[in-house]
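Q: One structure, as structure tokens, below. Some questions next.
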Amino acid sequence: MAMKREWQTVESGPHDYKDALHPVVQKNYGKWQYHQMPRPGVLKHVAQGGDVLYTVRAGTPRQDSVDLIRRICDIADKYCDGFLRFTVRNNVELMTPDEAKVAAIIKALTEIGLPVGGVGPCVTSVHHTQGWLHCDIPATDASGVVKSIMDSLYDDFVKWRLPSKVRISTSCCAINCGGQADIAIVVKHTRPPRINHEKIGRICELPKVVARCPVAAIRPMVVDGRQSLTVDQQKCMYCGACFGACPVMEINHPEHSKFGIWVGGKNSNARSKPSLGCLVAQNLPNNPPRWPEVNEVVGRILGAYRSEGRPWERLGEWIERVGWSHFFKSTDLLFTEDMIDNYRHARMTFNQSAQVRFPQRHER
Amino acid sequence: MAMKREWQTVESGPHDYKDALHPVVQKNYGKWQYHQMPRPGVLKHVAQGGDVLYTVRAGTPRQDSVDLIRRICDIADKYCDGFLRFTVRNNVELMTPDEAKVAAIIKALTEIGLPVGGVGPCVTSVHHTQGWLHCDIPATDASGVVKSIMDSLYDDFVKWRLPSKVRISTSCCAINCGGQADIAIVVKHTRPPRINHEKIGRICELPKVVARCPVAAIRPMVVDGRQSLTVDQQKCMYCGACFGACPVMEINHPEHSKFGIWVGGKNSNARSKPSLGCLVAQNLPNNPPRWPEVNEVVGRILGAYRSEGRPWERLGEWIERVGWSHFFKSTDLLFTEDMIDNYRHARMTFNQSAQVRFPQRHER
Amino acid sequence: MTKIDKDGDGAGGQESPAGGEDFLNPTPMLDELEKGPWPSFVRGLKEMARRTEKTMLRGVLDQLEYSYQTKTGYWQGGMVSVLGYGGGIISRRSMLQDRFPEAAEFHTLRVQPSPGLHYNTKMLRDLCDSWERHGSGLIALHGQTGDVMLQGIEEARVQDCFDEINQNGWDLGGAGAAMRTGVSCVGPARCEHACYDTLRLHQAVLSHFAGEVHRPQYNYKFKFKFSGCPNDCSNGIFRSDLAVIGMWRDAILVDEEAMAAWISKNGLDFLVNNVINRCPSRALSLAEGRLVIDNGNCVHCMHCINVMTEALSPGRERGLAILLGGKNTLKVGAMGCTMIVPFFRLEGQEDIDRFIALSETIIEWWNSNGFDHERIGETIERLGLKQFLAGVGLPATPAMVSRPRSNPYYKSEY
Amino acid sequence: MTKIDKDGDGAGGQESPAGGEDFLNPTPMLDELEKGPWPSFVRGLKEMARRTEKTMLRGVLDQLEYSYQTKTGYWQGGMVSVLGYGGGIISRRSMLQDRFPEAAEFHTLRVQPSPGLHYNTKMLRDLCDSWERHGSGLIALHGQTGDVMLQGIEEARVQDCFDEINQNGWDLGGAGAAMRTGVSCVGPARCEHACYDTLRLHQAVLSHFAGEVHRPQYNYKFKFKFSGCPNDCSNGIFRSDLAVIGMWRDAILVDEEAMAAWISKNGLDFLVNNVINRCPSRALSLAEGRLVIDNGNCVHCMHCINVMTEALSPGRERGLAILLGGKNTLKVGAMGCTMIVPFFRLEGQEDIDRFIALSETIIEWWNSNGFDHERIGETIERLGLKQFLAGVGLPATPAMVSRPRSNPYYKSEY
Ligand code: SRM
Ligand code: SRM
Ligand code: SRM
Ligand code: SRM
Ligand code: SF4
Ligand code: SF4
Ligand code: SF4
Ligand code: SF4
Ligand code: SF4
Ligand code: SF4
Ligand code: SF4
Ligand code: SF4
């Protein structure tokens, strides 16, 4: 095939963005002055020179059909001079300098089934991953979990009902490609990899596999004459790292996977430093197609935050203010001994002080 | 000797304290209401019933002669009904319900050479250790360092010239028996232990010594036929732990010891959680009998804190507020790469955020 | 073609051309995900499958339904590539080829987006057309590393597809032990907080490293993320190896008029409770009803600027901060990027060249000191920040740590 | 007797009985430490040596002077003990016995103090007399672990000396891998903040463990410290294995009158800037010029009570908190005690018995799970807090951590 090929690859890197910018953006590039949020889903940016740009943001399934993308393009052609962008959270943004067009854009997006929202103090689209649709180590299907969650949180996306931004992520294994978030929904394999001793010697570089394990749980072993490996069932904590080095370290299992929910992850530097999410619910069933148990817990956490959080206070900042004991009480979640860190830097998470809160009579 | 001995040991534990309490203390035991500080070195405690107790606090050398102790007892007999106590920081406290006696007590203490002070927002006596006078691994003499420092800080002990309490400790090896403090002055051995291969086999349990090393720097080795040990010069960071298990791991050395100064240690839970001291000056010479270089740095740190600290703000809290960069600037100390942690939990001390301060023009 | 789960409620069938037999097999569990207000990826897939009658889509739907029923994934990885490249394509073959022959292959092309994720409709329409021609028609906008993911193509079609989109200015992104695709926030294109040109730097850097993106030759993956200010909208600190965060180092700009207006509109209590009292370094205070900023003590968290965007803006002396070593969970647990260069001026091309040169020095250090499958953050943690700084020739500053060391366990000279 | 450093400036000589030859040898460097306003231990030693003419003191001064000149210590450890005990005495013999024969032995008796370090003059005078009779006359008040250190005695005199002071109610403290001497703050004897009886508990606990103090049988040392409130005046959190910190769990007591007086005296600004704004959990706020406390959010740091001692006091429901695992630098670096039991009521004897029983369970767990020379904090860090809690039968609560785990790396059941 390479024979009858006349095109010479151009290693161009990222697609050029110059002709992807709306004229108003070009003109005011780097000259924006401030922004406002006229209504949910809409941003109004004002430039030093006085130019104005309206942005309408809408959620997408992320796993888009060309049909959907073409429909979005139709709207962009009709109202936005043929320009559009996507956000880092899989939302689409349609921009126009013309306030009059905002309503029409919202209408058009709604008609093709895309919810307008995700701007300001609300839930926005979920950072999610591949799952059963495409990955090779997923314990669940990310897109399905996201769809189920967002059906429940629809109003929190299209309305302003929360103290501040709420970022949610969901990942289909502990590797967590979805990243840190106010609420991270992460499934976890819950048993050590099983090894096919016939295949492994042929397919994998055994020393590389041994080296991959963070807790040195993998040791070489000879099984009926064949070079193979064995996993120390006590040490292994199912991280899946070895599977990445060798697909014969079979970590996938129909029974043994559970969901955990992590709260207080924060990427911005606003007020508090960026922070990692902390485990507050575990062993939730991996229950397709709607994962009701996971959904219910997420709802409870948002509910408590909604009623107790203060303006601009992110979920984790709210918890820091009221204390973890109070968080578990007001979300009716159970703190278990597994939520006490026991990994590398566990000591640094211990409360090495006498500072402690006690619920008062009326609260008890 | 055990023969002609008729006394049978009583394993009584701590000496009984009942008859060591002043009558006014007995009467108001657990019934104190509040306290005031009428003047430096003096506390006034008021009981619920209205009783009052004055306390005069004075510094001591800690390494006391029976002569000095008897003189103090004379004062206690004369003015305090024969009662006295010492503080956890080696200060002596003379108590009386009678305000009139306070001045006399101060006079008497001063006459026997003991400075009255150490109460409230000031420097108090130094937590110190044994040093050359008594310990077996000291790199310096604690009592001498303390005497030199306190001669310089005398006014900070007897007067109120500081934003809040300042606790100082000094230790004669990295083990730091003196503990955490606002300013900890700790000498450190700076080269690996040297081994006498002839003696070690006879005197020490080699496996125990090997096990004692936190960085696995000690390995068994045979030296001209004798079982011995060898120290990996690259790994060893001179902690001295092996010396504790085996005196032949000769860590003491006339040349290779240096002082470091650690600031921001705090034991109380007031406001901020208890915190560890952080290294801000290193490689200061071990220079008896007066250690001028160490003395000078301590003075500089106190000076900056004196002028910038706020009421009730401990030294480490002041630094947290203004930032470490500012601290190094205003104390004219040099931040070096060795001050970046590289031990077990080093990562947790990295600035994993974009939060950073910049001196402004007028400050630059 | 494989039929499964006959007793499914056939919800999917409802959309079938009235009367005519449905192109798709029943997918009762997946059909549950067509319900509810949020846009449904299942509906999209089924609609496109019915229109295009692409058997690959049917096979993938069948296998996915089976995954839902058996709670197991059935894809296995492999190697698929285009001429001259070693990465950029995630190969997927079904483990159940006999059961789902139509799902035998489902490879994904990771295509680098345009910086800031800005597009014009022509770019996207052309891409859609090429993808419908050669592949499944399923596109993820965007992957978590920022790629346009063209999902579902057979190995035989890969080269032609790539050649076609490459002619339209698209190039593959990273995969494996390589430089990865970058992400940049919308930046100066539409954000008043941008302290440097995120789009321009993203384009320059990733173009420079194009070779390292296409031909894996590192210890492990390396990711850049470009955020115009410390709000870090591209999640650089936890999700990239080298986070480029916009920064300023002079005083915050204050528009006194706008400030007055803001305060009278929102009230003094709101100012005190939600601005002044939220400043992490207490650099804000109130004086005669006005907000006073102690800029020397400001840690550039952005909060006050975020809340009072009409009145406050980053200062005039703008540039960026370089943070290093972020990653997520695997092996050592998540870690955030560490502050390495607090302020780096970025104006002309020579600044961009300086930035790229420094990036190369950093990556070279990592490649010569790191282990296999070790992210640079792990290498720095293992060898020490001191060794890293010496290796790349950067000075140690207190800005790199939250506090100096609290243990004496380091080697001093003797 | 050994004469050294003839060219010393003989400062020491000045105090010598006019004309007569000085009992002491020149110690020029040490003499530098007689200068200055702070009380001088050198002066004290020399004065006592001249009065008592104890050669041991002269020898020790000579060796110490030599240490100052050569920057090296010359004591080596060993074993010295009294009948029935295995510890409590730190043995010191000179490495330079030929050079300083008078300093051949310089052993130290660690003597347990009376709780709260309260004394009457008779106790101390008797102790001084015994010590001058049998030992050097040098006493440290107090060692960092709280002992009265009787420093400087020959092995031959140790038993008689101990028998004599033991008859006066004194007992030896700990050394080696044993229960160590305890420290308690002045507590209810003279402090309004005391939430439990530190003196009584100290006495009860250390008497109970007397056997473990005298006969080393642990993995390593174990220290108790007793502080009556979170000000932790006994430094329990960083300097003991088990810190007993006074605690209350109902509302802070407010004396409205005293509060009003305090505010009018110190002013509103001081209240806001130095009390309200310093509360770590922002549990304080201002309402119509008065201080309001959100007790449910108070973390019991003591600050507001410390500043407004006339107006505020710990609540009525008082007891103690138990924290575990503190130690200083050696090997792993310093660590602070971790909150284990947030509130433990301590009123009657049965509460004290409960406390002692729990302490024993904890120590047993450590002795059966710890390594040689491993402090309990290190054992807990190595095995995990979860394992510790299971081992001693305590429930896990959020109060034990600053935040729950942020990595998924633990074993769940399967
Ligand atoms: C469009 C987008 C950048 C892009 O290139 O795509 C963006 C755009 C804006 N961000 Fe952002 N942020 C965007 C992702 C993020 C992320 C990353 C993420 O969500 O994955 C973060 C970090 C989140 C975190 O901390 O975990 C982020 C943290 C912020 C913050 C800090 C919020 C805080 O208080 O912690 C601000 C400040 C603010 O809200 O005014 C901000 C502010 C803004 C502003 C107001 C900037 C401006 O003046 O234009 C923009 C509209 C805000 C809004 O959407 O409410 N943006 N912003 C991203 C939209 C995501 C979405 O579709 O919802
Ligand atoms: C006498 C003594 C207890 C004893 O049993 O010996 C004591 C006595 C008092 N302490 Fe303390 N503290 C004593 C050692 C400590 C220690 C431990 C130490 O110094 O080694 C600490 C922890 C220090 C640290 O954090 O590193 C300590 C932290 C406090 C605090 C918290 C200060 C802060 O803001 O962080 C207070 C609160 C205050 O100052 O009102 C306090 C308050 C007090 C009060 C006011 C309590 C009272 O109402 O009587 C007493 C007089 C205060 C003063 O001296 O200014 N005491 N206090 C100790 C005197 C030491 C000395 O001679 O100077
Ligand atoms: C005498 C004293 C210093 C002083 O002058 O006050 C002292 C002196 C010694 N300490 Fe200490 N420590 C003394 C309080 C401390 C403290 C403070 C405290 O107890 O509050 C600490 C820090 C807290 C802690 O327990 O960690 C302390 C942490 C150590 C360590 C390190 C323990 C660790 O796990 O980090 C060692 C090394 C060891 O045990 O092997 C040590 C070892 C030693 C030895 C026994 C060194 C040795 O093996 O010969 C020293 C004997 C010196 C001597 O000749 O008397 N000493 N030592 C203190 C005991 C006097 C007393 O009984 O009252
Ligand atoms: C596709 C994507 C998820 C998504 O649906 O968006 C993804 C998918 C995979 N990730 Fe990821 N990661 C994706 C973004 C991330 C991110 C987020 C980011 O880049 O901002 C992270 C966390 C940040 C980081 O880099 O740590 C991430 C951390 C990982 C890791 C753990 C790396 C670590 O050091 O902790 C692995 C495991 C590995 O590399 O061995 C991994 C491995 C994988 C593999 C290649 C698993 C495998 O070996 O087969 C997944 C391929 C799935 C597939 O079939 O396509 N992926 N992965 C994202 C890439 C799309 C794109 O190119 O735009
Ligand atoms: S989170 Fe795990 S399963 Fe999901 S895409 Fe990433 S690597 Fe694959
Ligand atoms: S899953 Fe993780 S812990 Fe278990 S063997 Fe594999 S690499 Fe090791
Ligand atoms: S600090 Fe070191 S040298 Fe000093 S007394 Fe303690 S153990 Fe001995
Ligand atoms: S001094 Fe410390 S680090 Fe060095 S060999 Fe001895 S125990 Fe190991
Ligand atoms: S990171 Fe800063 S500059 Fe970039 S979009 Fe977010 S707020 Fe704007
Ligand atoms: S940007 Fe953040 S740190 Fe700086 S003044 Fe504003 S709120 Fe304070
Ligand atoms: S710890 Fe508390 S109770 Fe004890 S003396 Fe200090 S302040 Fe008083
Ligand atoms: S005691 Fe401390 S935490 Fe509690 S209210 Fe007072 S200042 Fe706040």
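Each reported figure results from applying straightforward, stated rules to the coordinates on display, with no laboratory input. In this text the structure is predicted, and so the values were computed from the model without any measurement. FYI the Cβ positions are ideal-geometry reconstructions off the backbone, even for glycines, and counts take in every protein chain you see.
Q: For the Cα atoms of chain D, what angle does the longest principal axis make with the long axis of helix D:121-134, in degrees from 0 to 90, nearest 10?
A: It works out to around 40 degrees.
Q: Let me ask something else about it. List the residues whose amide H sits under 5 Å from the amide H of C:Trp38, counting only those 5 or more places along or on another chain, with H placed 1.01 Å from N in the peptide plane.
A: Amide H neighbours of C:Trp38, under 5 Å, 5+ apart: A:Asp151.
Q: Please compute, for peptide A:109-121, the average count of beta-carbon atoms on other protein chains lying within 10 Å of each residue's beta-carbon.
A: Mean partner shielding for this stretch: 1.
Q: Using a Förster distance of 51 angstrom, determine the FRET efficiency expected from the C-beta separation of A:Glu205 and C:Asp351, and round it to 0.05.
A: Computed FRET efficiency for A:Glu205 and C:Asp351 comes out at 0.75.
Q: Rounded, prolate or oblate, given the Cα gyration tensor of region A:262-364, with a/c below 1.5 counting as rounded?
A: Verdict is rounded for region A:262-364.
Q: Summing -39500 (n - 2.57) over the DSSP H runs of n ≥ 4 in chain A and dividing by its residue number, what mean residue ellipticity at 222 nm do you reach, to the nearest 500 deg cm²/dmol?
A: -8000 deg cm²/dmol
Q: Could I ask something else about it? Rounded, prolate or oblate: which one fits chain A, using the alpha carbon gyration tensor with axes a ≥ b ≥ c (rounded when a/c is under 1.5, else prolate when a/b beats b/c, else oblate)?
A: oblate
Q: Calculate, in nm to one decimal, what A:Gln233 and A:Arg5 gain on full extension: separation in residues at 0.36 nm each, minus their alpha carbon distance.
A: Taking A:Gln233 through A:Arg5 to full extension adds about 76.8 nm, to one decimal.
Q: Can you give me the long-range amide H partners of B:Asn283? Hydrogens built in the peptide plane at 1.01 Å from N, cutoff under 5 Å, separation of 5 or more residues or another chain.
A: B:Phe259
Q: Mind listing the phi-derived Karplus ³J(HN,Hα) values for region D:391-405, rounded to whole Hz, using 6.51, -1.76 and 1.60 with θ = phi - 60°, and x for any glycine or proline?
A: Values per residue, Gly and Pro as x: x, 9, x, 10, x, 7, 9, x, 4, 7, 10, 7, 7, x, 4 Hz.
Q: Show me, for region A:224-232, the HN-Hα J-couplings you get by feeding each phi into the Karplus relation (A = 6.51, B = -1.76, C = 1.60, θ = phi - 60°), rounded to Hz, glycine and proline as x.
A: Those phi angles translate into 4, x, 8, 5, 8, 10, 9, 10, 6 Hz.
Q: Between D:Ser264 and D:Lys122, what is the FRET efficiency for a Förster distance of 41 Å, r being their Cβ-Cβ separation, to the nearest 0.05?
A: Taking R0 as 41 Å, the efficiency between D:Ser264 and D:Lys122 is 0.30.
Q: In degrees between 0 and 90, to the nearest 10, how far off the longest principal axis of chain B does helix B:99-111 point, with axes built from Cα atoms?
A: That works out to roughly 40 degrees.
Q: Say a label goes 7 Å from Cα toward Cβ at C:Pro37 in every copy; what distances in nm does this one have to the rest, shortest first?
A: Nearest to farthest, the other copies are at 7.5 nm.
Q: Further question on the same structure: Label position 7 Å from Cα toward Cβ: report the copy-to-copy distances for D:Gly393 in nm, one decimal, ordered from shortest.
A: 6.6
Q: Give the lysines whose C-alpha is closer than 19 Å to that of C:Lys327, dropping any in the same chain fewer than 8 places away, or say none.
A: Qualifying lysines at Cα under 19 Å: A:Lys188, A:Lys266, A:Lys273, C:Lys221, C:Lys223, C:Lys225.
Q: Measuring from the axis that superposes chain D on chain C, report the chain D residue with the minimal C-beta distance, rounded to whole Å.
A: D:Asn277, 4
Q: What distance in nm separates the simple spin-label points at C:Arg382 and A:Glu296, each placed 7 Å from Cα in the Cβ direction?
A: About 4.5 nm, to one decimal.
Q: Which angle between 0 and 90 degrees, to the nearest 10, do you get for helix D:256-266 versus the longest principal axis of chain D when only C-alpha atoms count?
A: The answer is roughly 60 degrees.
Q: Still on this model: Based on the Cβ-Cβ distance from A:Gln26 to A:Ala100, what FRET efficiency comes out when R0 is 25 Å, to the nearest 0.05?
A: Step by step, r from the Cβ atoms, then E = 0.70.
Q: For chain A, set up a Gaussian network in which alpha carbons nearer than 10 Å are linked by springs, and say which option among A:Val52, A:Val102, A:Val88 fluctuates the most.
A: With Cα springs under 10 Å in chain A, the top fluctuation among A:Val52, A:Val102, A:Val88 is at A:Val88.
Q: Here's another thing I want to ask about it. Would you pull out the residues with amide H under 5 Å of C:Val401's amide H, same chain only if 5 or more places away, H placed 1.01 Å from N?
A: It is B:Asn351, by chain and number.
Q: Hey, another quick one. Taking the DSSP beta bridges in the protein assembly as shown as the whole, what percent of them are antiparallel, to the nearest 5?
A: 85
Q: Next question. To the nearest µm²/s, what D does Stokes-Einstein give for region A:134-190 at 10 °C and 1.306 mPa s, using the Kirkwood radius over alpha carbon pairs as Rh?
A: 129
Q: Still on this structure, please answer the following. Using the Cα centre as the reference, give the magnitude of the dipole from point charges on the C-beta atoms of region D:295-413 (Lys, Arg: +1; Asp, Glu: -1; all else neutral), rounded to the nearest 20 debye.
A: Approximately 520 debye in magnitude.
Q: Which of the three applies to region B:1-143, rounded, prolate or oblate, going by the alpha-carbon gyration tensor with a ≥ b ≥ c and a/c under 1.5 meaning rounded?
A: oblate
Q: Same structure again: Determine ³J(HN,Hα), in whole Hz, for all residues of region B:21-35 in sequence, where each value follows from phi through the Karplus function 6.51 cos²θ - 1.76 cosθ + 1.60 and θ = phi - 60°; x replaces Gly and Pro.
A: Once θ is set to phi - 60°, the couplings for region B:21-35 become 9, 4, x, 5, 5, 3, 5, 9, 3, x, 10, 6, 9, 6, 9 Hz.
Q: If you don't mind, there's one more thing I want to ask. Please compute the modelled spin-label separation between D:Gln97 and D:Glu47, points set 7 Å along Cα→Cβ, answer in nm with one decimal.
A: Each label point lies 7 Å from its Cα, and together they span 3.4 nm.
Q: Please list, in order, the residues from region B:238-264 whose amide nitrogen is less than 12 Å from a point placed 7 Å along the Cα→Cβ vector of B:Glu198.
A: Within reach of a label on B:Glu198, which here means backbone N under 12 Å from a point 7 Å along Cα→Cβ, region B:238-264 contributes nothing.
Q: 7 Å along Cα→Cβ for the label point: how many nanometres lie between B:Lys199 and each equivalent label in the other copies, listed shortest first?
A: Output for B:Lys199: 6.3 nm, nearest copy listed first.
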